[in-house]
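The values are calculated or read from the model by the stated rules, or taken from the named source; none is laboratory data. Worth saying up front: this structure is predicted, and the values here are computed from it rather than measured. A quick note on method: Cβ atoms are made from the backbone with ideal geometry, for glycine too, and the neighbour counts reach across all protein chains shown.
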Amino acid sequence: MSILIRNGTVITENDNRDILHANILVDGNDIKYVGRGEPDHDQEIDATNRIILPGFINTHAHVGMSGFKGLLDDMVLSEFLDKTSKLDSQRTEEGIYNSSLLGMNEMINSGITSFVDLYYSEDVIEKAVEKTGIRGFLAWATLDKEFTTQEGDPVKNAERFIRKKHTDTVTPMVGIQGIYVSSDENYYRVKEVSEKYTVMVHTHLSETRKEVYDFVKTHNERPVEHLGSIGFLSDKLLAAHCVWITLNEIKLLAKHNVSVSWNGISNAKLASGGIVPVPELLSNGVNISLGTDSSGSNNSLNMFEEMKYSAISINNDRWSADTVKSQQILDMATRNAGMALKSPLGIIKEGYLADLIILDLNKYNTIPYNDSNVVNNIVFSANSGNVDIVIVNGKVIKSKNSIHEDESAYLNINYL
Ligand SMILES: [Zn+2]
């Protein structure tokens, strides 16, 4: 099935950051054509006076926790992790599935077409991915057995999940919770799994000062240095947070082509007291994307909020309003994430996957706009209400009002 998206303003996010007034042909899962021509097609979407963007990619989430909204507020990370672990020990598959549907629908509503998830029970989360039509990069979380509520061996569980047959829109990954619950042995085993099945690795890294200081006390080395010395750093690693890292650690991340997922709102809400050293990471060539983290620590799975907060927080922190420009922030929400995941995502061009969003900026909050300020308005002024249509893997999964129909069904169901 092919769809011609006609007459839109296309923010391509290609290498030149071209903004084109063009038609897009989606055929099957892919973008087949971008230009002024009108190739043959089965269906049409009229995008006159609409903006077309690559769908946003959320590079750090725990969607299975979306039903925990409002239960984990006003606490720092150590307390947050204790309480989360208690909640986790009581969870049912039904609760995880319902939470995942809730979170995925929230993401789709705000134009997120792909997300990276770190949790156990990714097989349950996969069912929700299939149901909603979003694209999931699902990393089964591993950690040392004495710290987990998972049954059996977490690495074997992860391996079993990776080996399963997956649908088109699911890419399995292997995850690690973090250095505070993972021994070197776990890191070695995860690396082995990643190499054996050629899958990416996702982890929390240097999120809080306490976690880093505790680690230095016992290991006499900082976490990123340690992961470097045990051979764990590689271009297959996507590391969430990296708030408390030194220049030497930044150079190590750069040397090994590790990508960083910046979760600004979550870090600030958990009162981490610091901010990711974005300018230093960028000047050393580290690829940065954006993540929301979970509904427990954000509490919104919303890329518009993430983009705006990220931009203003780093600029305020460095006393300079162009430390990171809005174009760079949009890159982090789209093309940089595609690069981090080594997937043809985050750019509108022939051969890339057809994950697209169509925005209506003809609204109070985004008028006036034109080609020269549209990126600024998307980063600083737009919100979920501007998202008209969401296309994932060539299929329309949200058009106006289609998601909201059964929102009330989510009110009184089991999220535990
Ligand atoms: Zn997290």
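In this structure, does S295 turn out to be part of a loop (DSSP other than H, G, I, E, B) and either within 13 Å of the ligand (Cβ to nearest atom) or touching a residue at least 24 places away in the same chain (Cβ under 8 Å) (or both)? Here the answer is yes, as S295 does meet what is asked.
Scan the range 303-323 and give yes if some residue there is buried (at least 23 other Cβ atoms within 10 Å of the Cβ), of a type outside the set (A, V, I, L, M) and assigned to a loop (DSSP other than H, G, I, E, B), otherwise no. No: zero hits. Strands (runs of 3 or more DSSP E) fully within the range 30-140 that include at least 1 residues being within 14 Å of the ligand (Cβ to nearest atom) and among the charged types (D, E, K, R): 112-119.
Residues in the range 95-149 that are in contact with a Phe, Trp or Tyr (Cβ under 9 Å, 6 or more places away or on another chain) and among the acidic types (D, E): 4 in all. Restricting the range 185-211 to residues that are within 19 Å of G291 (Cβ to Cβ) and not hydroxyl-bearing (S, T, Y), the residue that is nearest to the ligand (Cβ to nearest atom) is H204.
Regarding S300, is this residue within 16 Å of the ligand (Cβ to nearest atom) and out of contact with any strand residue (DSSP E or B) (no Cβ under 9 Å at 6 or more places or on another chain)? Here the answer is yes, as S300 does meet what is asked.
Contact map, the range 323-339: residues that are of a type in the set (S, T, N, Q) paired with residues that are at pLDDT 95 or above and surrounded by fewer than 19 Cβ atoms within 10 Å (Cβ to Cβ), Cβ distance under 6 Å, separation 6+ or inter-chain. Pairs shown: T323/P279; T323/N315; S326/N376. Would you say Y187 is of a type in the set (F, W, Y), outside any loop (DSSP other than H, G, I, E, B) and touching a residue at least 24 places away in the same chain (Cβ under 8 Å)? Against the criterion (of a type in the set (F, W, Y), outside any loop (DSSP other than H, G, I, E, B) and touching a residue at least 24 places away in the same chain (Cβ under 8 Å)), Y187 qualifies. Kindly evaluate S182 against the criterion of being within 16 Å of the ligand (Cβ to nearest atom) and not charged (D, E, K, R). Yes, satisfied. Checked against (1) closer than 22 Å to V201 by Cβ; (2) touching a Leu at 6+ places or on another chain (Cβ under 6 Å); (3) in contact (Cβ under 8 Å) with a residue 60 or more places away in the chain, I134 passes all but a single condition, namely (2).
Restricting attention to the range 198-216, the residues that are in contact with a strand residue (DSSP E or B) (Cβ under 8 Å, 6 or more places away or on another chain) and under 18 Å from F137 (Cβ atoms) total 7. Residues that are of a type in the set (S, T, Y) and surrounded by 13 or more Cβ atoms within 10 Å (Cβ to Cβ) were ranked within the range 65-91; the one that is nearest to R209 (Cα to Cα) is S78. One residue alone among K165, K131, K145, K191 is under 30 Å from L353 (Cβ atoms), of a type outside the set (S, T, Y), touching a helix residue (DSSP H, G or I) at 6+ places or on another chain (Cβ under 9 Å) and surrounded by fewer than 22 Cβ atoms within 10 Å (Cβ to Cβ), and that residue is K131. Restricted to the range 351-416, the set of strands (runs of 3 or more DSSP E) holding at least 2 residues that are among the charged types (D, E, K, R) and under 30 Å from D168 (Cα atoms) comprises 395-398.
Residues checked against (1) in contact with a strand residue (DSSP E or B) (Cβ under 9 Å, 6 or more places away or on another chain); (2) under 26 Å from S194 (Cβ atoms):
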| site | (1), (2) |
| --- | --- |
| E94 | no, no |
| E106 | yes, no |
| D117 | yes, yes |
| Y120 | yes, yes |
| A128 | yes, yes |
| K131 | no, no |
| I134 | yes, yes |
| L143 | yes, yes |
| E146 | no, yes |
